[in-house]
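Here the structure comes first, spelled out in structure tokens, and everything after it is commentary.
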Amino acid sequence: MAMPQTDLSLVETAGAAPQMAVRVRGVSKTYGSVEALRNLSLDFPRGQLTSLLGPSGCGKTTLLKIIAGLLEPTAGEVEVNGHPVTGPGPDRAFVFQDFALLPWATVLRNVAFGLELRGVARSEREAIAEKYIAKVGLSGFEKSYPHELSGGMRQRVGLARALAVDAEVLLMDEPFSAVDEQTRRKFQEDLLELVAQERKTFIFVTHSIEEAVYVSDQIAILLPRPSRVSEIIRPEGLRTKDVANIRRDSEYLDIVDRIWASLRSYVE
Amino acid sequence: MAMPQTDLSLVETAGAAPQMAVRVRGVSKTYGSVEALRNLSLDFPRGQLTSLLGPSGCGKTTLLKIIAGLLEPTAGEVEVNGHPVTGPGPDRAFVFQDFALLPWATVLRNVAFGLELRGVARSEREAIAEKYIAKVGLSGFEKSYPHELSGGMRQRVGLARALAVDAEVLLMDEPFSAVDEQTRRKFQEDLLELVAQERKTFIFVTHSIEEAVYVSDQIAILLPRPSRVSEIIRPEGLRTKDVANIRRDSEYLDIVDRIWASLRSYVE
Amino acid sequence: MKIFGVRLPGMSSLILWGLLWELVGRTGFSFFLPPLSEVIATLYEIIGTAAFQKALFETAYAFLAGVFFAVVIGIPVGILMGKSRLIDELLLPWVNIFLSAPLTALVPVLMVLFGFGMKAIVITTTLFAIWIIILNARAGVQGINRSLVEMARSFGARPWDAFTKVYFWAALPEILGGVRIGVIRAVKGVIIGQLLISIVGFGALFELYSANFLMAHFWAVLIVLFALAFTLAEFLAWLERKVAYYAAAR
Amino acid sequence: MPERSLVLKLLSAAIVFGAWEIAGRIPVSYAFPTFLDSMAALFAMLADGALLTAFADTLRPLVIGVAISAVLGIAIGLAIGLSGWFDWLFSPIFIVMQAAPLAALIPLLVMVYGIGLTSKVFVVCIMAMPVIVLNTAGAVRNTPASLTEMGRAFLGTRRDIILKIVLPAASPLIFSGLRLGTSAGFIGAILAELKITPTGVGDIITYSRSIADYPSMYAAIFSIILLAVLFLNVLEMIERALFGGRFRGHASD
Amino acid sequence: EKVRIALAETPSDELAAFFVALDRARKMGLDYEWTAFSDEELAIQAVLSGQMDIGFGTPYAVMQRSKAPIRIIFQISKLKFFPVTTKKYSRLEDLDGVPILLHSRGGGTDSIANVIEERVGIKFGKRSYVPGSANRVVALVAGQAEATIIDLANKNKLMREHGDKFNVLPMFDVEASDEALFANLNWIRENEEAVNILVEALLSVWRDMNEDPTIISRETDPNGPIGQLPKEILDNLDNFYREAVEGGLYDRDGGGRKAAMADMEWYSKAGQLEGDPATLDINDFWYFAPLDRAIEKLGK
Ligand SMILES: Nc1ncnc2c1ncn2[C@@H]1O[C@H](COP(=O)(O)OP(=O)(O)OP(=O)(O)O)[C@@H](O)[C@H]1O
Ligand SMILES: Nc1ncnc2c1ncn2[C@@H]1O[C@H](COP(=O)(O)OP(=O)(O)OP(=O)(O)O)[C@@H](O)[C@H]1O
Ligand SMILES: [Mg+2]
Ligand SMILES: [Mg+2]
């Protein structure tokens, strides 16, 4: 399951020694009698985007929460930058599938909330929040409340909140599931830009094969419960290609088909 | 906007005179001060599947409900088989986006509910329902309740209910939006089979360009509010091609790109 | 709650409280709190007496009649209010006022209007219970998923069919919730009625025992009453949970 | 259409008060005064200040009791909602208290706490507290898990999470518990005045009844109901001012 | 048709004699039913509005104010109440400015307090109202009050148990009524027969009781409302009636004109009746015919 170092050097543009930002080693998780994860190991290279793909209920969210330190694994260990995870930490930020916005707080307060909990002074944190609100294209909505926004806009608030705390590792649980196809495509392009700009590690859960292939440096395909990693696919060549035409690129389509064939066996 | 007769003859395999099952003529609809549809005209050929594609809130659901007779248009007229629509009728059946199943009734009763409301005797309607339950692959779940089913299975119950009343026209409002990608693909293939088997007219709302191109005989692209038809695209050649490879067919990809280009202009 | 990995059942802490009561009672802390064991012995003694059974019968009768009227009037009125704007606007302010008004103050008026016997107690009980039943039935009908209504229409449902096959069932969780709260309020209503209007049933026993400082008797009847009310409320909550499985799915 | 609903409100008021007036004129009973007579008595009592003094007397135990119930009830409810131990130990008591007809306890309270303010405050508390506790506990228990999880993910301390997430998320239900509690407290306060010692409005009711001054008795009843409704409306206005139109729902937002 | 009787309290030892009389009346052919109300005012209202036929209480204020023709037919008990205080006070005069507990505003104990103030020339402090002598005893014992006015039974009980802590202050005699039976005059006229039976039965019991108080416990129907009371109460019946008879609580002639005159004077002074007692006509308040008839029948 270990990643060959040579693969990475192709991608690491900064030329720094390739490193793993997050390592998951032999993690198992049982909820009562439900065995969600069994002895799962997986590494996440620094500065790259790794997607988790797998059937519904296979334990993707569970894995993400274990990395975030929100859940304790039944067995196994997670390391972030070489330090074992014992709880949530400032090095990781979570983008929640259901947004998890405070309905009683404005967009500004929501985006600044992570900083507020870290005790950053009001004026400072609001300045930072403003910056990230602009970055996700929500300028002008600072004073709005979540229920006044469309699903896609709420999702971006959650994204901005995670970006604002400037964590090294971003954990994103199906972040585009709530937006319609047209908007989703726009987001995917935004995300690609973000990965290129910010030198952060992204861990990304999705149900869409096309989306995973389109945005990922590395795709981990999970088996149905109890979950282990069945395959790791690295759509290497794609990063250098023209974004506008990638969807008809035959390499892209090959990868999609390969994944589809691999997943298909689990769907009824 | 009228369909050239020659186009249709290519598709109509039965060789019967090509006919329009549903004609929408100059329909407008205003909700209070919101103008949802303006002077929209569109024809739906018998035995074919027509998709409606358009930005969120452009009035797709509104149009479907007007055809179903659930809403009255502010102006204009809808004809089904040459007869003007004045209300719901046995010639049309609706598949609801949120399934609209009776949570307190079993799958069997839910599927038979349309027939129950039409006064069909119990034994007869249950026999019919059994047949359609089998057809959508839910045999063995007759005694289950909706909350015991997955989203995809619920969707199929709604579909079976609509099929059971044996209406000529099936109106489907984003029927696959709530299921995950893998299951969705399976459904799309089922739907294609259904269109081939049953000689019915399908009107299908979706947000997914790929889905529309994949399943449709004809795609109507709607403008943002107030909505009119901006373009009609007929992915003709595709029907004859191999289903397994269609997603990498260049004609398919051309059509997807063309639609994307056309829709993209409305997204921000 | 878990102790040493064993799950303690929900109401088991009442046993602990019972023990505490026994202990405090034994210390002779105050004459008004006899030990629980004495109370239970007294309970055993009086439960067979004609006076107790008469009280039980009178209370049960007033209670059941009051709840019956509250349900039979409340649910249809609530459904009507949910469906008709005019009726809703006419009645809603009064329903809200009576829901929050101190009905105890109104009891003297009820006596004048409806007499001083059982009838007034039944009406007091009804008045305690009915408003929340109306409001909940109304909320249930208003909250019915529109697509269920449209589904019924699109398959050609006639109004009566739509009502019996869709509306009632769809609003059932809220209706039952209202009935549960209503029944709890009705228990309070029947006792307040018995204390303030004519002294019959358990109200009479309470007056008698407290006036004569028969504390063990007093607590014994109180325990019976608490247990009855509690059982009833839990039964309705159980019923509610049985339909609640679909409340979230509507 | 605000006018339409106002007209309908006035219309329904006119129907009810008209029915009262007619019933009083028939009369249905020697002891049933007309609406107009009762209003006249009401204004007379307002004019000589008797009513205001009475309100002050009635409101004292009510306000003290509701305040105690609110502070204590929310604190206990919070503890029950947050701690399994508290839940196990205390929630059965409040569940029993809520279901049980506590009015029956009044004679006992008199023996223990006498006839003064204390036992009246106590009556208000036992009536108002259970619903406040149970509503608060339920709301706290049902704080959307995703919000508390979010708070943990962004490194909130337990205090932070309680103050900035749990309490605001629970506040609509806490407020509705307060409203129900206040309404129950009113019932308790009146009950205390009718069953323990007649003071305030309860005294006007019993005294005017004993001297057969029925218009005054009805005026007092009318005024206390009016007061309760006003009191609750004020509470609702406070709630709306505090949380404004910002609340449209809950976790689903 | 049944005669509907409105009691002003739930059946207890105090009502045992009344129920014995009711039993005798039933044997004489009276058909009746009773309802217990939570206080005197409710019983009065019930008779006022015609929902009950005969009520318990002293509705002088109501008789004077409402236009309803209510009349008293029998005096059940006299206003035998006793000022009780802590050892600090030993005479009524000492109570000047002392807060006092009374039954209810405008009620019997309130009028006793008024008359004490007038005769002794003092002014009580704040008056608080606690219905029920037993409850006032509790308040007194619990130290929540220094002075109150309580009934005979509770006075005896208090002195038995806490005689070392409290004083019963000597007071002048009161002949006025505490509880009386009353009914609507029209109804009385339409039901002379029933009223006669009832009054006769009452008078006979009141006379027998004054001879031998134990008659009450002996004649109490074990299946009736009194017989169903807890044993603790029943065991004390003889004691209760012995003390009551000794204390002169029950008039052997059912009150009559003597009581009516005393009431006029007393309730005028107490503020319940308006106008000079001399100008008040006792026939506006009492209806003597049934009592006169019964006395004639049973002999002086
Ligand atoms: N708190 C819990 N208690 C019990 N079982 C749980 C709990 N949370 C998750 N599970 C179970 O663990 C399994 C994995 O859940 P998880 O949410 O991680 O799946 P997922 O891959 O994120 O699914 P989806 O794609 O539907 O979001 C599921 O079968 C689920 O039923
Ligand atoms: N009952 C209504 N009252 C007022 N406006 C309405 C109502 N129903 C729909 N609208 C408005 O009409 C427009 C069209 O709505 P419709 O639901 O038909 O859109 P849609 O194309 O189905 O959108 P989506 O893709 O989001 O489902 C929207 O702007 C909506 O706000
Ligand atoms: Mg998940
Ligand atoms: Mg729609």
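Numbers at a glance
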{"read-out": "Hits in region A:209-224 - residues which are open to solvent by less than 10 Å² (accessible area, probe 1.4 Å), within 22 Å of A:Thr183 (Cα to Cα) and either in contact with an Asp or Glu (Cβ under 6 Å, 6 or more places away or on another chain) or acidic (Asp, Glu) (or both)", "value": "A:Glu211"}
{"read-out": "Failed criterion for B:Phe113 (all others in (1) touching a Leu at 6+ places or on another chain (Cβ under 8 Å); (2) more than 10 Å from chain C (Cβ to nearest Cβ); (3) part of a helix (DSSP H, G or I); (4) not charged (D, E, K, R) hold)", "value": "(2)"}
{"read-out": "Some residue of region D:217-224 being surrounded by fewer than 24 Cβ atoms within 10 Å (Cβ to Cβ), of a type in the set (Gly, Ala, Ser) and under 30 Å from D:Ala79 (Cα atoms)", "value": "no"}
{"read-out": "First in region A:163-178 and under 14 Å from A:Val215 (Cβ atoms), second anywhere and away from ligand 1 (no atom under 13 Å from the Cβ) and part of a loop (DSSP other than H, G, I, E, B), Cβ under 6 Å, 6 or more apart", "value": "A:Leu170/A:Lys200"}
{"read-out": "Every residue from region B:189-207 that is open to solvent by 10 Å² or more (accessible area, probe 1.4 Å) and either part of a helix (DSSP H, G or I) or facing chain A (nearest Cβ under 9 Å) (or both)", "value": "B:Glu189, B:Asp190, B:Leu192, B:Glu193, B:Leu194, B:Val195, B:Ala196, B:Gln197, B:His207"}
{"read-out": "Which numbered condition B:Tyr132 fails, given (1) more than 18 Å from the chain's Cα centre (by Cα); (2) over 30 Å from B:Tyr252 (Cβ atoms)", "value": "(1)"}
{"read-out": "Qualifying residue in region E:62-72 (condition: part of a loop (DSSP other than H, G, I, E, B), within 14 Å of another protein chain (Cβ to nearest Cβ), open to solvent by less than 30 Å² (accessible area, probe 1.4 Å) and among the hydrophobic types (A, V, I, L, M, F, W, C))", "value": "yes"}
{"read-out": "Matching entry among A:Ile246, A:Ile209, A:Ile219, A:Ile233 (being touching a Pro at 6+ places or on another chain (Cβ under 9 Å), more than 16 Å from ligand 4 (Cβ to nearest atom) and hydrophobic (A, V, I, L, M, F, W, C))", "value": "A:Ile219"}
{"read-out": "Residues located in region D:99-110, provided they are at the interface with chain C (Cβ under 7 Å from one of its Cβ atoms), surrounded by 21 or more Cβ atoms within 10 Å (Cβ to Cβ) and assigned to a helix (DSSP H, G or I)", "value": "D:Ala99, D:Ala103, D:Ala104, D:Pro107"}
{"read-out": "Of all residues making up region C:37-85, the number that are closer than 15 Å to C:His217 by Cβ and touching an Asp or Glu at 6+ places or on another chain (Cβ under 8 Å)", "value": "1"}
{"read-out": "Residue check for D:Ser183: under 17 Å from D:Ile76 (Cα atoms) and facing another protein chain (nearest Cβ under 9 Å)", "value": "no"}
{"read-out": "Meets criteria (at pLDDT below 85, closer than 23 Å to C:Leu228 by Cβ and touching a helix residue (DSSP H, G or I) at 6+ places or on another chain (Cβ under 6 Å)) for C:Met11", "value": "yes"}
{"read-out": "Number of the exception - E:Met28 against (1) within 25 Å of E:Tyr241 (Cα to Cα); (2) modelled with pLDDT of 85 or more; (3) surrounded by 21 or more Cβ atoms within 10 Å (Cβ to Cβ)", "value": "(3)"}
{"read-out": "Residue count for region E:130-174, restricted to those that are assigned to a helix (DSSP H, G or I), more than 14 Å from chain D (Cβ to nearest Cβ), in contact (Cβ under 8 Å) with a residue 40 or more places away in the chain and among the aliphatic types (A, V, I, L, M)", "value": "3"}
{"read-out": "Top-ranked residue in region A:225-256 [being within 16 Å of ligand 3 (Cβ to nearest atom) and open to solvent by less than 50 Å² (accessible area, probe 1.4 Å); ranked as farthest from the other protein chains (Cβ to nearest Cβ)]", "value": "A:Pro226"}
{"read-out": "Residue within region D:64-78 that is over 20 Å from the mean Cα position of the chain (by Cα) and of a type in the set (A, V, I, L, M, F, W, C) present", "value": "yes"}
{"read-out": "Scope region B:32-53; condition within 14 Å of another protein chain (Cβ to nearest Cβ) and either open to solvent by 10 Å² or more (accessible area, probe 1.4 Å) or within 16 Å of ligand 1 (Cβ to nearest atom) (or both); matching residues", "value": "B:Gly32"}
{"read-out": "Filter result for E:Arg119 (open to solvent by 20 Å² or more (accessible area, probe 1.4 Å) and at pLDDT below 90)", "value": "yes"}
{"read-out": "Unmet requirement for D:Asp160, which otherwise passes all of (1) buried (at least 24 other Cβ atoms within 10 Å of the Cβ); (2) more than 25 Å from C:Ser210 (Cα to Cα); (3) at the interface with another protein chain (Cβ under 8 Å from one of its Cβ atoms)", "value": "(1)"}
{"read-out": "Subset of region C:155-179 that is facing chain B (nearest Cβ under 9 Å) and open to solvent by less than 10 Å² (accessible area, probe 1.4 Å) - its residue that is nearest to C:Ile133 (Cα to Cα)", "value": "C:Ala170"}
{"read-out": "Enumeration of residues in region E:122-143 that are among the hydrophobic types (A, V, I, L, M, F, W, C) and at pLDDT 90 or above", "value": "E:Ile122, E:Phe124"}
{"read-out": "Top-ranked residue in region B:83-107 [being outside any loop (DSSP other than H, G, I, E, B) and more than 12 Å from chain C (Cβ to nearest Cβ); ranked as nearest to ligand 3 (Cβ to nearest atom)]", "value": "B:Val107"}
{"read-out": "Subset of region A:54-82 (residues that are part of a loop (DSSP other than H, G, I, E, B) and either more than 9 Å from ligand 1 (Cβ to nearest atom) or among the basic types (Lys, Arg) (or both))", "value": "A:Gly69, A:Leu70, A:Glu72, A:Pro73, A:Thr74, A:Asn81, A:Gly82"}
{"read-out": "Subset of region C:135-146 that is assigned to a helix (DSSP H, G or I) and open to solvent by 10 Å² or more (accessible area, probe 1.4 Å) - its residue that is nearest to B:Val120 (Cα to Cα)", "value": "C:Arg146"}
{"read-out": "Residue among A:Glu130, A:Glu142 that is away from every other protein chain (no Cβ under 12 Å), in a loop (DSSP other than H, G, I, E, B) and open to solvent by 10 Å² or more (accessible area, probe 1.4 Å)", "value": "A:Glu142"}
{"read-out": "Long-range neighbours under 6 Å by Cβ, at least six apart or interchain, first residue within 12 Å of B:Pro88 (Cβ to Cβ) and at pLDDT 90 or above within region B:58-72, second more than 9 Å from ligand 2 (Cβ to nearest atom) and part of a loop (DSSP other than H, G, I, E, B)", "value": "B:Ile66/B:Pro73; B:Gly69/B:Val85; B:Gly69/B:Gly87; B:Gly69/B:Pro88"}
{"read-out": "Qualifying residue in region A:94-110 (condition: in contact with a strand residue (DSSP E or B) (Cβ under 9 Å, 6 or more places away or on another chain), open to solvent by 30 Å² or more (accessible area, probe 1.4 Å) and under 29 Å from A:Leu63 (Cα atoms))", "value": "yes"}
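The values are calculated or read from the model by the stated rules, or taken from the named source; none is laboratory data. What you see is a predicted model; the values in this text were computed from it and never measured. Reconstructed Cβ throughout: ideal geometry from the backbone, glycine too, with neighbour counts over all protein chains shown. Remember, those area values only see protein heavy atoms, side chains included, never the ligands or the DNA or RNA. Shrake-Rupley method; radii C 1.70, N 1.55, O 1.52, S 1.80 Å.
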